[in-house]
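The values are calculated or read from the model by the stated rules, or taken from the named source; none is laboratory data. Since the structure is predicted, the reported quantities are computational estimates derived from the model, not experimental observations. Cβ coordinates were reconstructed from backbone atoms using ideal geometry, including for glycine residues, and neighbour counts include every protein chain displayed. Accessible surface areas use protein heavy atoms only, side chains included; no ligands, DNA or RNA. Shrake-Rupley method; radii C 1.70, N 1.55, O 1.52, S 1.80 Å.
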Amino acid sequence: MDRLEKTILGEFLLLDSYGEQVETMLEIGTGHFKSEIAKVYIKIFSDILFKQKSAVDQITAYPKVKEIQNFEVAEFSRLTEGVSSTANLRYHIALLKERTYKEQLITSAEKILGDMKAAVSIDDLDEKKNEMIVKLSGLDLGSESSFVDSKKVIEHIEENLHKGKKLEGHSWGLADLDSYTSGIVAPRLFVIGGLKKSGKSRFIINTMIELYHNNIPTYFLSLEMPEYEVVKLLISRYTAIPEPHLRSASIISNDEKIKFAQAKADIDWDLLNVECATSLSVNQVIGRIRKYAKMNSDCVIAIDYLQRISHDRNKQAQDLETISIAIADATREYNVPIILLSQLSNIAEREGASIGALKGSGGIGEAADVILLLDNLYRKQKLEENKNKMDVYIEQRYGDSGKIELNTDLSWCKFADKTFYENVI
């Protein structure tokens, strides 16, 4: 292990917080390290960060290092020798990436130069010259151009076909919606639009619990609700206790108290991850997407909601388009499905739910793979016959569009297919 790699590992171990270590690990990766020993250290650190969800230091990492056969434990204990601060860590990581970039350029150039020397005709020479131009043009610091490996994609398709799965993605828990969308598929951006208080956040809560029962982890980034409200709604949906009953001891029944106590003991919160924040920039949101995907590659991410991400209100449409496209790009880069909530403008009060009513609709329409527009019939008309009824309009880039009808009980975030609902409630 060379001096640069040892210094980076030592500086990493001196970082003060779990959050700093997560962000740094996401930036470092393993591809830039040449030493096999350094790669093993990175793997151990990553397991502690993303599987145990705790900060790394020499004490927490030592037992795992000791388990590795023929491994020099003494070298591990010397990683922080001569490292007094983390002030230059980012600079050292940049040097490591630059070294990798230089080696990629030299390796590619030397290979093609060898082919040039073996060329026997001017046509062969020109072909190799053009190959070098193309190859080196595709190499950038931190990004290398590459073609799709179609054979691997076909293998993935065959794997899905042989699994006997009814859906390509994870189920929404709503048969009619699943039949349109093939479930929550990665990597896709799902945009859920609705008027204020139409049930968008509660729809996400319902989806999280449905995924929970299928052992699929979710990460909910709420830019609107405080943590108290989010957790309360999750417990309400999990227990079927109406959310208002969880507000006061004078309202909740004895049976509901027993359900609540059982839920406290039973719920695995590692599958229901909630983060509440305000005034985040799009770059901060993308950073969190990267972190969640690293923590669990088979997760579903939900963000509530688009217009809460910091942007210039004077050029809202333009900024929301940029934000939507950045989040759509993140679904591809990190291979995760993202559900992004978005408010409808007041035009929907008069004309009904439509893509045109999405605030910043042009950019959102271009970025989204699937748009679900929630139309809470009772909210608009206040007719008793429409209570607990919701229409969902579906617009898709890769499939059919249409409308489904749901029955709901928003008091405990329950959404169900219309034909199924009466048999459950």
Between region 104-134 and region 25-102, the alpha-carbon center distance in angstrom: 37 Å
What percentages make up the Cα-Cα pair-distance distribution of the chain when the bins are 10 Å wide from 0? 4, 17, 24, 23, 17, 10, 4, 1, 0, 0
Using only the alpha-carbon atoms of region 7-55, report the extent along each of the three principal axes, biggest first, to the nearest angstrom. 26, 21, 15
In nm², what is the average projected area of the convex hull enclosing the Cα atoms of region 269-312? 3.2 nm²
Rounded to a whole number, what % of the accessible area of region 290-344 do carbon and sulfur atoms account for, probe 1.4 Å? 37 percent
Computed helical MRE - 222 nm, the chain, DSSP H runs ≥ 4 contributing -39500 (n - 2.57), nearest 500: -15500 deg cm²/dmol
Dipole in debye (nearest 20) - the chain, about Cα centre, beta carbon charges: Lys, Arg +1; Asp, Glu -1: 900 debye
Fully extended, how many nm does the chain gain between Glu227 and Ser150 (0.36 nm per residue separation, minus their Cα-Cα distance)? 23.4 nm
Which angle from 0 to 90°, rounded to the nearest 10, does the C-alpha axis of helix 227-239 make with the longest principal axis of the chain? 70 degrees
A correct Kirkwood calculation over the Cα atoms of region 28-115 returns a hydrodynamic radius in Å of 15.3 Å
With x for Gly and Pro, the residue-by-residue ³J(HN,Hα) of region 20-25, computed from phi through the Karplus equation 6.51 cos²θ - 1.76 cosθ + 1.60 at θ = phi - 60° and given in whole Hz, is 4, 5, 4, 4, 5, 5
Rounded to 10°, Cα long-axis angle of helix 89-118 versus longest principal axis of the chain: 60 degrees
Under 5 Å between amide H atoms, partner at least 5 residues away or on a different chain: which partners does Leu272 have, H built in plane at 1.01 Å? Thr218
Cα-derived Rg to Rh of region 159-303, Kirkwood definition: 0.98
